[in-house]
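S.K.: One structure, pasted below without further comment.
The values are calculated or read from the model by the stated rules, or taken from the named source; none is laboratory data. This is a predicted model, so every value here is computed, not measured. Using ideal geometry, Cβ is built from the backbone for each residue, glycine included, and neighbour counts are taken over all protein chains shown.
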Amino acid sequence: MKHRKITLSEQEIPEKWYNIIADMTNKPLPPLHPGTKEPIGPDALAPLFPMELIKQEVSGEKWIAIPDEVRNIYSIWRPTPLYRAYGLEKALDTPAKIYYKYEGVSPAGSHKPNTSVPQAYYNKQEGIKRITTETGAGQWGSALAFACNHFDIDCEVYMVKLSYNQKPYRKVMMNTWGAKVFPSPSDATEAGRKILAQDPDTTGSLGIAISEAVERAAMNEDTKYALGSVLNHVKLHQTVIGQEAVVQMEKAGDMPDIVIAPFGGGSNFAGLAFPFLRLNFDEGRNIRCIASEPTSCPKLTRGVFRYDFGDTVGMTPLLPMYTLGHNFVPAPIHAGGLRYHGAGVIVSQLLKDKLIEAVAHDNIEVFEAGVTFARTEGIIPAPEATHGIATAIAEAKKCKEEGVSRTILFNLCGHGNFDMKAYEDYFAGNIVRHDLTSEEIKASLAELETPEIE
Ligand SMILES: Cc1ncc(COP(=O)(O)O)c(C=O)c1O
């Protein structure tokens, strides 16, 4: 029998998170106060996050211990399996070896509980009663609902209106774990009311939903805010994915030449890629790490490196990031988790320093890849995850053209079992390409007041 699935025991769940900042020659630039434009210290984040997460956000330590209670909850679904994609390889008739790490086995169906659990844990430790958040496709909202339920914390989710209508069962899933869900923009917040007054028919965006969730947390003493991506501590928590994958690849007697992951704010990419980048830093390896984004929200491939807000209304600190501008509202693609205008600070610096690469795929190409994957490997991928598959297929085809064998590993960061509307639209021919013009990007960036960073 072919050795298709490489598993680990519960004892092999990582004991530490890996903090890549310790290994970066060019450290990320500091966040700036939105008013004074001066670097902000950790205290400025205190209204939104518990102190332990703020310490992780600014930490320079290479390894940070994972609390036992968090590892204990991780053991519900971790270690996650790593598969050799024999079916896909055969269909592509490629000399490449393709592996994927499957994060869809978590209760919420994606990588997101890797960070929602520690975030809820640290909030609980500091006596917080309610956590607010935004969600795009509903993957992050459901992951946070699951974690808050475990720690008996109220959970309030602002869900991008487009996804709220496209994915009603994600909302029910959050309700099942006890969370309250609002379509965003909502009239429950000042930020939401402002946007609705300007554009009552808006489909919403992650940037808008963040403004709403941040406002709710900033105005209530017992409430904090949780972000499902972008920030350093979120990426840190996700490194359990790549640490497990390194051990699994060793068990398979292989090591990837290319590591690929879809890219929204950068957390699942960081989760898989950073532990492999560590091998580049520590052992002088040359593993290529590629982030895959949609052509309709191409901050890495067509954005600029510049200070920008993390949200639409401008309530967060200014962050040095690749961005399309905080007012950018992407086309209504089904990959809701990738409809975010900016990239996390660490991944932005790594891209600037050419330590990682980025590619973009259009809406049709990713569905073709997703269906090919479902038909050859069985698992139906989340629309976000199809972007990584499209890159893996493109790289495997290159191997065939060049007549070389390379080992490719990608992150199958979530299943698409709640995304049947997306697949229905694809089969009905209702998925269209969204060609974003340079003029549209220029117009969005023109609204930024900050200069490009050298
Ligand atoms: C299944 C899935 N994959 C990928 C992403 C992209 O986010 P990130 O880049 O933070 O991993 C999301 C975000 O919601 C998601 O739900």
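S.K.: For residues that are touching a residue at least 40 places away in the same chain (Cβ under 8 Å), assigned to a helix (DSSP H, G or I) and among the basic types (Lys, Arg), scanning just segment 160-172, find the one that is surrounded by the most Cβ atoms within 10 Å (Cβ to Cβ).
M.R.: ARG170
S.K.: Continuing with this model, one more query. Name the residues in segment 173-201 that are closer than 29 Å to ASN149 by Cα and touching a residue at least 40 places away in the same chain (Cβ under 8 Å), would you?
M.R.: MET173, VAL181, SER184, ALA191
S.K.: While we're here: Does ALA108 fit the bill of being under 30 Å from LYS397 (Cβ atoms) and surrounded by 16 or more Cβ atoms within 10 Å (Cβ to Cβ)?
M.R.: Against the criterion (under 30 Å from LYS397 (Cβ atoms) and surrounded by 16 or more Cβ atoms within 10 Å (Cβ to Cβ)), ALA108 does not qualify.
S.K.: Still on this structure: Pull up segment 322-360, narrow it to residues that are closer than 25 Å to ALA428 by Cα, crowded, with 24+ Cβ neighbours inside 10 Å and touching an Asp or Glu at 6+ places or on another chain (Cβ under 9 Å), then point me to the one that is modelled with the lowest pLDDT.
M.R.: GLY336
S.K.: Pick out the one residue from MET321, MET249, MET255 that is part of a helix (DSSP H, G or I) and either farther than 30 Å from PRO47 by Cβ or of a type in the set (A, V, I, L, M, F, W, C) (or both). Give the derivation first.
M.R.: Numbers: MET321 fails: part of a helix (DSSP H, G or I); MET255 fails: part of a helix (DSSP H, G or I).
Going through MET321, MET249, MET255 in turn, just one is part of a helix (DSSP H, G or I) and either farther than 30 Å from PRO47 by Cβ or of a type in the set (A, V, I, L, M, F, W, C) (or both): MET249.
S.K.: Restricting to segment 418-428, and then to whatever is within 19 Å of HIS361 (Cβ to Cβ) and of a type outside the set (Phe, Trp, Tyr), can you tell me which residue is surrounded by the fewest Cβ atoms within 10 Å (Cβ to Cβ)?
M.R.: ASP425
S.K.: Is it the case that segment 221-242 has a residue that's over 30 Å from ALA22 (Cβ atoms) and either in contact with a helix residue (DSSP H, G or I) (Cβ under 6 Å, 6 or more places away or on another chain) or among the basic types (Lys, Arg) (or both)?
M.R.: Our first condition is that a residue be over 30 Å from ALA22 (Cβ atoms); within segment 221-242, this holds for 221-223.
Add one more test, that the residue is either in contact with a helix residue (DSSP H, G or I) (Cβ under 6 Å, 6 or more places away or on another chain) or among the basic types (Lys, Arg) (or both), and what stays is 223.
Yes, the conditions are met somewhere in segment 221-242.
S.K.: Okay, moving on. Could you please tell me which pairs satisfy a Cβ distance under 6 Å, a separation of 6+ or placement on different chains, a first residue in segment 373-395 that is in contact (Cβ under 8 Å) with a residue 12 or more places away in the chain and closer than 19 Å to SER106 by Cα, and a second residue that is near the ligand (Cβ under 10 Å from one of its atoms) and in a helix (DSSP H, G or I)?
M.R.: Hits for this filter: GLU384/GLY337; GLU384/LEU338.
S.K.: Right, next: Under 9 Å by Cβ, and 6 or more places apart or on different chains, what pairs join a residue from segment 97-125 that is without any contact (Cβ under 8 Å) to a residue 40 or more places away in the chain and closer than 16 Å to CYS413 by Cβ with one that is within 13 Å of the ligand (Cβ to nearest atom) and part of a strand (DSSP E or B)?
M.R.: VAL105/HIS415; SER106/GLY414
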